Amino acid sequence: MKHFKQYYAFYVPYIFFVITLFILIVNNEKADLHLRITSFNSQFGDSFFRYYTNVGGSLPYVVITGLLFYRYRIALFLLITQLTGGLVSQIIKQTWIESRPIRYFADNYPQIQLHQVKGVDLYSWHSFPSGHTITAFAFFLALAFFTKHRKLHFLYFMLAMLVGYSRIYLSQHFALDVLTGSIIGLLVTASWQMYFQTLPLKWADGSLRNVFSKKKR
């Protein structure tokens, strides 16, 4: 309970996000819901989400590399959660080989043309769950654990949610893929945080700055 209160600015809006998406999924047919969500497209949205979706790609690893110069502990925690989330994602993807929107509509509704963003390559398989969404929620929740300001916690949630939305907007995933991905990312990170707190890891409070500063001496 203490954990929830400490990070409620992330968890509370996330709960509303899960409930809302769950209700939409339960009360709408898979294809209909996807078309409704992607109908809210624009030139700005195409340009923005084409690039922003990469926040759930390689960006966390770029940040992790930079954090090695700040504190090993944070970089290590982010790396562990990213690798764990990625492993879980691949296991599920290879177990349930689900078609992505472009393939699903081609097979079941060939008369419907999905909104496509120029410059974005659409994949056909391994839709469930959304790996980018797992990455984003794991990454931003991990950042929240090392940040005291609750306004930033809410901002982190919004940034993670936008990655999930971008996957639907770009027709790379369905809503269920995004919902499941967010849950996996959150559970993986929250689980590791409880375990990570029990580890002494005194060396983890150092950084590469300390290494280079000693060499200069």
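The values are calculated or read from the model by the stated rules, or taken from the named source; none is laboratory data. What you are looking at is a predicted structure, and each value in this text was computed from that prediction instead of being measured. All Cβ positions, even for glycine, are placed from backbone atoms using ideal geometry, and neighbour counts span all protein chains on display.
Give the residues of region 38-56 that are in contact with a His (Cβ under 9 Å, 6 or more places away or on another chain), surrounded by fewer than 17 Cβ atoms within 10 Å (Cβ to Cβ) and either modelled with pLDDT under 95 or part of a helix (DSSP H, G or I) (or both), sorted by residue number.
Hit for region 38-56 is N54, nothing else.
Say we look at region 57-80 and pick out the residues that are of a type in the set (V, I, T) and touching a Leu at 6+ places or on another chain (Cβ under 8 Å); which of these is surrounded by the most Cβ atoms within 10 Å (Cβ to Cβ)?
Checking each candidate, the answer is I74.
Could you list, in sequence order, all residues of region 143-196 that are under 25 Å from T38 (Cβ atoms), in a helix (DSSP H, G or I) and small (G, A, S)?
The answer is A160, G164, S166, A175, G181, S182, G185.
Among the listed residues L35, L78, which satisfies the condition of being closer than 25 Å to K202 by Cβ and part of a helix (DSSP H, G or I)?
Selected residue: L78, the only one of L35, L78 that is closer than 25 Å to K202 by Cβ and part of a helix (DSSP H, G or I).
Among (1) modelled with pLDDT of 95 or more; (2) within 23 Å of Y52 (Cα to Cα), which single condition is A106 missing?
Only one criterion is unmet by A106, namely (2).
Are there any pairs, at least 6 apart or on different chains, whose C-beta atoms fall under 7 Å, with the first in region 46-65 and in contact (Cβ under 8 Å) with a residue 12 or more places away in the chain and over 14 Å from L143 (Cβ atoms) and the second basic (K, R) and surrounded by 15 or more Cβ atoms within 10 Å (Cβ to Cβ), and if so, which?
Every condition considered, the pairs that remain are T53/R167.
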